[in-house]
Amino acid sequence: MKLESITLHRVAMPLVRPFETSFARQTTRVLLLVHVRTSEAEGWAECVAMEGPLYSSEYVEGAEHVIRSYLAPALLKATDVTAETVGPLTAFVVGHRMAKAALEAAVLDAQLRASGVSFGGYLGAVTDWVDCGVSVGISPDLDTLLDEVSGYVDEGYRRIKLKIKPGWDLIPVYAVRELIGPDMLLQVDANTAYSAADIAHLGRLDPFNLVLIEQPFVEEDIATHVALARAIETPVCLDESIVSVGVALDAIERGATSVINIKPGRVGGYLESVRIHDLCVAHEVPVWCGGMLETGVGRAANVALAALPGFILPGDTSASSRYFAEDLVEEPFVLGTGEHAGQLAVPTGPGTGVTVREDLVRDWALVAPVTLRG
Ligand SMILES: [Mg+2]
C-alpha cells in the first residue's frame, strides 16, 4: 500500500472515576489517535502513551513529535507500506515503541479493512470470547476499595487485580481476599514501586493465593526480580521490563518471570506481541493482555490479541464502562451474560471491527488535528 496521509488527533476523554497507581492519579485520559489513509482504505489506532512520562519515558506530546518529525515522513515516502514493513521502515529511530506501535496498528487496520480480514483472523485468534479481569486503582480508604471491588464482582469480572505500593499492600489484599473468597482469581501490580529491601515483606503476600505479583521493581532491574522469584511462592510477572521478544527470552531464561503481561504499545506493536506470545507458548509461560486505559479503538485490537491460545489468564481487557461513560467507537465493549458473563466478544468485522465516532474525536480534541502527507 502507499500511504496518502497520516492524521494525528490529540484528545482528552473523561474517566468515570479517578485511576490511581503507584506512579500517578489520572482523572482524564489524554491520548493520541492515529488515522491513516491509503488509496484502498482507512485505518485508526491509538497510542497508549500517557499524558506525562510517568509510566514510561514516552508521553503524548513526545509521541506526537517523534511521529511528525521522524516516523511519519519515513512511512509517507515509502512506496510500499504494510504492517509488516512499518517495523523495518522505522527501525532507524531508537525506542519510541508506543509511537511505532500506533502507526503499525493503524496501517494494519487499513490493510485488513482493504482485504476484509479481522484483527483476530490475522493475529491467530482461536476463540470467540475472552475472559476479562479488571484493574482496581489505589483507593483513598478500604471501604471505598471494597465497594469498588464488589461492584466489579457483581458485573461478572473473572479476575481482580489490585494496584499496590508500599503502605498499601498487605491490608487491602487481605481485605479483598476476605471479600471475594478463596477461589476467585486475585493478583497485584506494583508498577515498580518496591526495592530489593522489600523482598521479605513481599513474601508476606504468599498466604493470599495470588495468581501473581506484577513488576515490583524498576524495569531495568531483572536481577532483583530473579531474587524475588526464588524467595517467594507467588509467581512473579513482568510488565514494564518486557519491551521486546529478546528481553522476554532473557527474563524467562534467568527465572525472573514465570508469567508475562503483553502490552502491544509497550513492545512496539501487535506483530512483536505475537512473537512474544509464541516464545512464551514454546517455554510454557502463560501470558495475559495488559491494559493502558484504552478506548474502544485499542481495546478492539487487544481483545483480538487476547484470543490467541497462549493467553490463558484473564486480561485487563475490561468493558468500556470500566473507564468511560461514552466510548470513542460505535460499538462499545460490553461484558457478556449467561455463559459469557465476565467475557468480551472478539470483534469479527474487517480490521479492528469497530467504527470510530469522529464526532467525539472532534468534541474532545485538545488541539487542531495535524495531517501529514507524502
Ligand atoms: Mg502492570
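The values are calculated or read from the model by the stated rules, or taken from the named source; none is laboratory data. Worth saying up front: this structure is predicted, and the values here are computed from it rather than measured. So basically every Cβ, Gly included, is an ideal-geometry build from the backbone, and we count neighbours across all protein chains shown. The protein model used for the area step is the full one, side chains on, heavy atoms only, and it has no ligands, DNA or RNA in it. Shrake-Rupley method; radii C 1.70, N 1.55, O 1.52, S 1.80 Å.
Scanning the range 24-49 for residues that are touching a Phe, Trp or Tyr at 6+ places or on another chain (Cβ under 6 Å) and hydrophobic (A, V, I, L, M, F, W, C) yields a total of 1. Quick check: is even one residue across the range 201-217 within 16 Å of the ligand (Cβ to nearest atom) and open to solvent by 20 Å² or more (accessible area, probe 1.4 Å)? Yes: the range 201-217 contains one or more residues that are within 16 Å of the ligand (Cβ to nearest atom) and open to solvent by 20 Å² or more (accessible area, probe 1.4 Å). Only a single item in (1) open to solvent by less than 10 Å² (accessible area, probe 1.4 Å); (2) of a type outside the set (Lys, Arg); (3) touching a helix residue (DSSP H, G or I) at 6+ places or on another chain (Cβ under 7 Å) is not met by TYR122, and it is number (1). The number of residues in the range 178-195 that are out of contact with any Pro (no Cβ under 8 Å at 6 or more places or on another chain) and open to solvent by less than 60 Å² (accessible area, probe 1.4 Å) comes to 9.
Residues of the range 43-59 include at least one that is in contact with a Pro (Cβ under 6 Å, 6 or more places away or on another chain) and modelled with pLDDT of 95 or more.
Let's see how each residue does on (1) within 14 Å of the ligand (Cβ to nearest atom); (2) among the charged types (D, E, K, R); (3) in contact with a Cys (Cβ under 8 Å, 6 or more places away or on another chain):
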site	(1), (2), (3)
ALA223	no, no, no
SER258	no, no, yes
LYS263	yes, yes, yes
GLU272	no, yes, no
ASP278	no, yes, no
ALA304	no, no, no
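Residues of the range 274-303 being in a loop (DSSP other than H, G, I, E, B), touching a residue at least 24 places away in the same chain (Cβ under 8 Å) and either among the charged types (D, E, K, R) or open to solvent by less than 10 Å² (accessible area, probe 1.4 Å) (or both), which ones? Steps first, please.
Pass one, the range 274-303, residues in a loop (DSSP other than H, G, I, E, B): 283-286, 290-295.
Those left that are additionally touching a residue at least 24 places away in the same chain (Cβ under 8 Å): 283, 285-286, 290-295.
Scanning the range 274-303 gives GLY290, GLU294, THR295.
Considering only residues in the range 304-363 that are among the β-branched types (Val, Ile, Thr) and within 17 Å of the chain's Cα centre (by Cα), the one that is surrounded by the most Cβ atoms within 10 Å (Cβ to Cβ) turns out to be THR352. When the range 321-353 is filtered for residues that are in contact with a strand residue (DSSP E or B) (Cβ under 8 Å, 6 or more places away or on another chain), without any contact (Cβ under 8 Å) to a residue 60 or more places away in the chain and assigned to a helix (DSSP H, G or I), nothing remains.
Here VAL81 passes the criteria (1) part of a helix (DSSP H, G or I); (2) in contact (Cβ under 8 Å) with a residue 60 or more places away in the chain except the one numbered (1).
Of all the numbered requirements in (1) open to solvent by less than 10 Å² (accessible area, probe 1.4 Å); (2) over 20 Å from the mean Cα position of the chain (by Cα); (3) among the β-branched types (Val, Ile, Thr), THR144 misses one, and that requirement is (1). Taking the range 115-176 as the region of interest, the strands (runs of 3 or more DSSP E) fully inside it that hold 3 or more residues being within 15 Å of PHE208 (Cβ to Cβ) are 159-163.
Counting residues in the range 225-235 that are assigned to a helix (DSSP H, G or I), among the aliphatic types (A, V, I, L, M) and open to solvent by less than 20 Å² (accessible area, probe 1.4 Å) gives one or more. You will find that of ARG275, ARG322, the residue that is farther than 19 Å from GLY124 by Cβ and of a type in the set (Lys, Arg) is ARG322 and no other.
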